[in-house]
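Here the structure comes first, spelled out in structure tokens, and everything after it is commentary.
The values are calculated or read from the model by the stated rules, or taken from the named source; none is laboratory data. The structure presented is a predicted model; accordingly, all values stated were derived computationally and were not measured. Virtual Cβ from ideal backbone geometry, glycine too; neighbours counted across all protein chains shown.
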Amino acid sequence: MIRGIVFTHAGLGQAFCEAVESFLGPQEDLIGLSNAQLDAESMPGALAEAAGAASDGIIIFTALYGGSCWQAAERFCRQRPDAWHLTSVNLPMLLAFASKRATVSAPALLELLRTYCGEGVRS
Amino acid sequence: MSLLLVRVDDRLVHGQVTQGWGSVLTPDRFVVVNDAAAADSWERELYESSAPDGMAVTVVALDEARARLEEWLAEGEKLIVLLESPADALRLIETGFHFTELNLGGLHQRAGRDRVLPYICLGRDDMIALESLRDRGVSVECADVPGCERKDLFTCLGNAANGT
């Protein structure tokens, strides 16, 4: 199973995970992680702990391009070849992740999410 | 020329800085003054690629900071300067770069530091540097985000010592 980590500010990551579960039911390997009280030095350890030893890959979702979570995710993915990072997380992105992650590889899923969610921004 | 903010924040560039202070003060450039980041091309590119639209992020080492900052200010740029620690702020002023106000925006808990405010934890080395800055005429104000109440650091410390 591809592991998802929603790494954001305040309680947003956990709230996103709860919202996904309200649509799709309980989710394994979907983790909300907050940067609250974490400094730059402690973020990599927090991400590593959340990532564990996931065998099918890890996708880290962050909310704010350029923010501290985004930076930490970029640094983490540089060290972990089985980890990928996607920013500007939203609920449709996470629903697509949760519903499709059992059927495709992590790189393919990342590309699918990028396309799917880019097209999903509309008014 | 306009030096909008000189800020100590151990996360350097992050959302509170770019989205919070950036949207209120609208700098042309965030200048990260940090030797470690300046010495690592990957880290430097990471910071410099995190700039919001219409603003730049530039990483410089401490020994080149004064010249670069004065050059940008002379060209009329509006700057926000970001430093990792009070010691780096002291080192910057010791280079001859002049500023009169220092914003303490984020120093997180770690061994040897005591919490002063929810977003400010200070250790002995931090206090030595901050007292030296104060003795050089720099006022030290605590504010993590633009909309919060500004607090003078030494008033906070005095109140804490007096139990008020």
Can you report the number of residues in region B:117-140 which are surrounded by 15 or more Cβ atoms within 10 Å (Cβ to Cβ) and under 23 Å from B:G20 (Cβ atoms)? 9
Check whether at least one residue in region A:31-47 is touching a residue at least 24 places away in the same chain (Cβ under 8 Å), part of a strand (DSSP E or B) and under 17 Å from B:G106 (Cα atoms), and report yes or no. yes
Out of region B:15-56, which residues are within 14 Å of the chain's Cα centre (by Cα), within 13 Å of chain A (Cβ to nearest Cβ) and free of Cβ contacts under 8 Å to residues at least 60 places away in the same chain? B:T18, B:G22, B:F30, B:V32, B:N34
Listed by first then second residue, the pairs whose first member lies in region A:96-123 and is within 19 Å of A:A19 (Cα to Cα) and in contact (Cβ under 8 Å) with a residue 12 or more places away in the chain, whose partner is among the aromatic types (F, W, Y) and assigned to a helix (DSSP H, G or I), with beta carbons under 7 Å and at least 6 positions apart or on separate chains, are A:A96/A:Y116; A:L113/A:F97
Of the conditions (1) outside any strand (DSSP E or B); (2) within 14 Å of another protein chain (Cβ to nearest Cβ); (3) under 20 Å from B:T26 (Cα atoms); (4) among the small types (G, A, S), B:G147 fails just one. Which one is it? (2)
Of all residues in region B:27-45, count the ones that are outside any helix (DSSP H, G or I) and either at pLDDT below 95 or charged (D, E, K, R) (or both). 3
I'm trying to understand the selection: among the residues of region B:96-124, which are in contact with a Ser or Thr (Cβ under 8 Å, 6 or more places away or on another chain) and within 30 Å of B:E70 (Cβ to Cβ)? B:T100, B:E101, B:L102, B:L107
Taking region A:1-30, which residues are among the hydrophobic types (A, V, I, L, M, F, W, C) and in a strand (DSSP E or B)? A:I5, A:V6, A:F7, A:L30
Just to be sure, is B:V32 under 22 Å from A:C69 (Cβ atoms) and in contact with a strand residue (DSSP E or B) (Cβ under 9 Å, 6 or more places away or on another chain)? yes
If the requirement is being part of a strand (DSSP E or B) and in contact (Cβ under 8 Å) with a residue 12 or more places away in the chain, which of these qualifies: B:L90, B:L73, B:L69, B:L102? B:L102
Of all residues being among the charged types (D, E, K, R) and under 14 Å from the mean Cα position of the chain (by Cα) in region A:19-48, which is farthest from the other protein chains (Cβ to nearest Cβ)? Just the residue, please. A:E28
Among the residues of region B:4-12, is there at least one that is surrounded by 20 or more Cβ atoms within 10 Å (Cβ to Cβ), within 11 Å of another protein chain (Cβ to nearest Cβ) and acidic (D, E)? yes
(1) within 21 Å of A:E41 (Cβ to Cβ); (2) at pLDDT 95 or above; (3) aliphatic (A, V, I, L, M) all hold for B:V17 apart from (2)
Residue hits (region B:105-133; assigned to a loop (DSSP other than H, G, I, E, B) and touching a helix residue (DSSP H, G or I) at 6+ places or on another chain (Cβ under 8 Å)) are B:G112, B:R113
Do we find a residue being within 17 Å of A:R3 (Cβ to Cβ), among the aliphatic types (A, V, I, L, M), outside any strand (DSSP E or B) and modelled with pLDDT under 90 anywhere in region A:71-92? no
Has region A:60-75 got any residue that is farther than 28 Å from B:D53 by Cα and surrounded by 13 or more Cβ atoms within 10 Å (Cβ to Cβ)? no
